[in-house]
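The values are calculated or read from the model by the stated rules, or taken from the named source; none is laboratory data. These numbers come from a predicted model, not from an experiment. Neighbour counts run over all protein chains shown; Cβ positions are idealised from the backbone, glycine included.
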């Protein structure tokens with residue numbers, strides 16, 4: 001009926017619009033917006049069922065695509081394809097098995113409220129996990145831009161979990177943050193990365209079920225102001241670098257490092273959380289949105305408008321967090337805007353120029369006249385407590401490099417002398433082993449306080465058992 | 001990815017970039033009915049006033065993927081086609097060799113090990129309606145669509161992987177196949193694009209044949225069936241890896257490596273549309289596409305086929321099929337590639 005083999009002028013294709021209904025029942029359909037002002041709809045369908053080699057797959061012109069960008073691919077071996085089926089013999093698949101049939105009814109807005117579940121095979125879950133009612137929702141722990149986090153309790157084994165309930169917006173389907181977080185975390189199994197137990201998919205919400213870790217570094221530092229115990233800083237930093245090294249080896253950037261996203265268990269285990277902004281970094285030339293990292297932990301290259309960042313993006317944040325743990329105050333607590341944030345950085349590290357940072361002048365927001373000229377200082381002048389610990393200042397200065405290329409990588413930082421007094425076995429651990437499985441590695445009580453004040457809820461320790469196999 | 005261009009990431013202030021995007025989004029539409037011209041001059045941004053909505057495409061972009069990043073927008077795509085490849089004097093903005101030195105090999109080993117887990121096998125074997133031919137047709141449509149949106153090759157690869165893996169799990173009716181195509185595209189873009197296409201834009205591309213509810217439902221079904229395991233290793237990743245590796249090893253000039261990568265990507269795009277190539281692992285396809293590209297560009301020192309660690313027979317088999325694919329699709333290929341590369345390469349490479 002409409003065996004369009006040759007590319008047709010757009011006017012002629014316009015006449016095909018009435019065929020859309022009929023075509024929709026046939027073989028396959030490529031529907032296109034017609035290029036005229038009335039926005040009539042047309043569909044162009046390839047109807048050929050001939051099987052001559054190389055000739056059976058002429059692709060219809062696509063009006064939405066300019067002529068010189070059209071692609072027609074001919075398959076190499078169409079005649080020999082065992083799965084080729086003549087279109088006219090195809091019957092509709094019966095509804096139970098057909099992924100699409102239920103859309104006809106669902107478009108009325110009554111799609112199945114049935115619960116979908118995804119248990120990761122390696123998670124320690126029984127078959128009962130995954131149902132929305134397998135977890136008892138307890139108090140709210142926090143609210144983010146796209147999700148609310150609740151404390152929860154498994155009805156199956158009584159273990160505590162964190163339930164990240166994501167609202168499914170109507171407009172754009174499942175939020176990209178949820179897709180990224182779920183798909184990335186499914187592939188990440190490491191003692192220093194929060195463990196995703198389960199995914200519960202219902203009509204209105206998507207719930208990610210995480211292991212419960214009872215505090216985060218931000219709360220921990222609030223509780224112990226004035227800087228943390230130097231030994232604890234070392235253990236936290238080591239774990240942070242261990243987790244980052246693991247994800248960076250997979251070309252995954254966290255992109256949103258800040259104390260709030262570093263969970264701390266009562267035994268002192270640190271776990272990277274909140275991968276909503278992370279993404280698999282598999283296209284090195286890809287540019288990322290520069291509206292990513294919380295301003296205080298945002299590296300100067302990103303602040304200056306660079307979108308060419310890679311794993312060194314996260315390493316700046318590590319430096320900031322390191323200083324904050326030691327000193328007890330945020331390294332660069334900008335109060336106003338990007339300009340203010342940059343001024344604070346340059347005040348300590350010196351205003352960059354082409355000598356100290358080749359290429360800085362070509363960054364979009366770098367205007368030399370806008371910045372006061374500061375000379376670089378020793379970090380201990382800005383943060384005196386760095387000088388109390390051997391090699392701490394050197395490590396901090398290698399992380400807090402304005403030029404991204406000069407920043408130490410997570411892997412290299414793990415071999416820094418600062419860590420040289422830790423037991424060598426820490427470098428031989430398997431991914432899922434906690435550093436606290438090594439003898440004599442344990443969290444010290446923070447000054448003036450006992451661990452009891454910090455970790456009252458000892459029962460939560462069970463949630464960590466997964467990391468100790 | 002193909003080649004740097006003035007409009008690409010490093011330079012433009014974001015505010016300005018956005019205006020340019022709006023203009024350039026329309027630029028391709030203007031010539032949609034013209035035969036392809038071989039341009040010597042870079043494409044100039046067209047005045048939007050001269051384009052009184054003569055195409056449905058404008059409507060599609062009425063909320064242009066709010067692109068502040070020019071590399072993600074069609075601007076960059078237009079630029080890539082028309083701007084010359086970097087000469088040796090230009091800084092190496094496309095290759096991040098430092099990151100490659102730090103993590104390249106471990107990431108490669110990790111991705112390589114994941115390959116078989118994510119590799120869809122005989123995705124059409126149990127499909128009663130979807131055929132290799134309809135798959136080819138759908139992808140021949142999706143390839144220009146992804147270009148029109150200015151999406152990365154990585155997104156396209158992930159789209160195809162999502163599509164094929166879903167097909168192994170669920171029979172799909174012929175009249176829903178296009179919906180599955182755009183749904184897979186949406187899921188892929190949500191993972192790696194800064195500005196994924198809007199649902200509305202995708203629905204408009206399908207001429208309103210499907211509703212928003214249908215697309216969102218299918219998205220849930222796909223996510224469910226694939227258990228949210230979406231981050232497959234892609235040809236795109238391996239092409240980047242092999243390119244970095246040969247530059248790092250000093251085997252090839254940077255500009256040559258980038259040209260070969262661009263050409264290999266064109267060949268790889270073609271292969272995505274052909275069901276016959278779904279039996280090959282992405283790393284195998286990537287190394288073979290590069291090898292073929294080297295021959296087509298007559299590079300003095302062709303890529304070393306050993307890093308892919310594939311048996312010789314598989315390599316030769318894949319290379320032979322790719323060569324046939326290129327031979328019967330040479331016209332399409334020239335339309336997909338930057339002009340400079342078309343002029344340099346011979347489209348009928350000899351294998352020996």
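The set of residues from the range A:171-180 being touching a helix residue (DSSP H, G or I) at 6+ places or on another chain (Cβ under 8 Å), assigned to a helix (DSSP H, G or I) and touching a residue at least 12 places away in the same chain (Cβ under 8 Å) comprises just one member, A:180.
Name the residue, out of B:264, B:313, that is closer than 30 Å to residue B:98 by Cα, in a helix (DSSP H, G or I) and out of contact with any strand residue (DSSP E or B) (no Cβ under 9 Å at 6 or more places or on another chain). So that I can check it myself, show each step before the final result.
Working: B:313 fails: closer than 30 Å to residue B:98 by Cα.
B:264 is the lone residue from the list that is closer than 30 Å to residue B:98 by Cα, in a helix (DSSP H, G or I) and out of contact with any strand residue (DSSP E or B) (no Cβ under 9 Å at 6 or more places or on another chain).
The selection criterion, being more than 26 Å from residue A:254 (Cβ to Cβ) and at pLDDT 95 or above, holds for residue B:181.
Does residue B:116 meet the test of being out of contact with any strand residue (DSSP E or B) (no Cβ under 9 Å at 6 or more places or on another chain), at pLDDT below 95 and facing chain A (nearest Cβ under 8 Å)?
no
Going by the conditions given, is residue B:176 assigned to a helix (DSSP H, G or I), modelled with pLDDT under 95 and surrounded by 24 or more Cβ atoms within 10 Å (Cβ to Cβ)? Criteria met by residue B:176. Is it the case that the range A:419-433 has a residue that's at pLDDT 95 or above and buried (at least 20 other Cβ atoms within 10 Å of the Cβ)? No - not one qualifying residue is present in the range A:419-433.
For the range B:143-154: of the residues being assigned to a helix (DSSP H, G or I) and at the interface with chain A (Cβ under 9 Å from one of its Cβ atoms), which is farthest from residue B:277 (Cα to Cα)? In this case the residue turns out to be B:148.
Within the range B:317-332, the set of residues being in contact with a helix residue (DSSP H, G or I) (Cβ under 9 Å, 6 or more places away or on another chain) and at the interface with chain A (Cβ under 9 Å from one of its Cβ atoms) comprises B:321, B:322, B:325, B:329, B:332. Quick one: residue B:193 ticks every box in (1) within 25 Å of residue A:175 (Cβ to Cβ); (2) modelled with pLDDT under 90; (3) at the interface with another protein chain (Cβ under 8 Å from one of its Cβ atoms) except a single one, so which number is it? So the condition that residue B:193 fails would be (3).
For the range A:308-425, the helices (runs of 4 or more DSSP H) that sit wholly inside it and include 2 or more residues that are within 28 Å of residue A:439 (Cα to Cα) are A:312-327, A:392-399, A:410-414. One residue stands out in the range A:181-213 among those that are at the interface with another protein chain (Cβ under 10 Å from one of its Cβ atoms), in contact with a helix residue (DSSP H, G or I) (Cβ under 7 Å, 6 or more places away or on another chain) and over 26 Å from residue A:434 (Cβ atoms): the one that is surrounded by the fewest Cβ atoms within 10 Å (Cβ to Cβ), namely A:202.
Of the residues B:192, B:199, only one is in the same structural domain as residue B:125 (by TED's automatic domain parsing), crowded, with 24+ Cβ neighbours inside 10 Å and in contact with a strand residue (DSSP E or B) (Cβ under 7 Å, 6 or more places away or on another chain); which?
Details: B:199 fails: crowded, with 24+ Cβ neighbours inside 10 Å.
So the residue among B:192, B:199 that is in the same structural domain as residue B:125 (by TED's automatic domain parsing), crowded, with 24+ Cβ neighbours inside 10 Å and in contact with a strand residue (DSSP E or B) (Cβ under 7 Å, 6 or more places away or on another chain) is B:192.
Here is the figure for the range A:190-225: residues that are at pLDDT 90 or above, more than 20 Å from the chain's Cα centre (by Cα) and outside any helix (DSSP H, G or I) total 3. Can you find even one residue in the range B:155-171 that is over 20 Å from residue B:281 (Cα atoms) and within 7 Å of chain A (Cβ to nearest Cβ)? Checked against the condition, which is being over 20 Å from residue B:281 (Cα atoms) and within 7 Å of chain A (Cβ to nearest Cβ), the range B:155-171 yields at least one hit. Among the candidates B:208, B:150, the residue that is at positive phi and surrounded by fewer than 24 Cβ atoms within 10 Å (Cβ to Cβ) is uniquely B:208. For the condition modelled with pLDDT of 90 or more, within 18 Å of residue A:179 (Cβ to Cβ) and surrounded by fewer than 24 Cβ atoms within 10 Å (Cβ to Cβ), residue B:226 qualifies.
Out of everything in the range B:93-110 that is more than 8 Å from chain A (Cβ to nearest Cβ) and crowded, with 18+ Cβ neighbours inside 10 Å, what residue ends up being nearest to the chain's Cα centre (by Cα)? Across the range B:93-110, the extreme among qualifying residues is B:108. Within the range B:76-99, can one find any residue that is modelled with pLDDT of 60 or more, closer than 19 Å to residue B:266 by Cβ and part of a helix (DSSP H, G or I)? Within the range B:76-99, none of the residues are modelled with pLDDT of 60 or more, closer than 19 Å to residue B:266 by Cβ and part of a helix (DSSP H, G or I).
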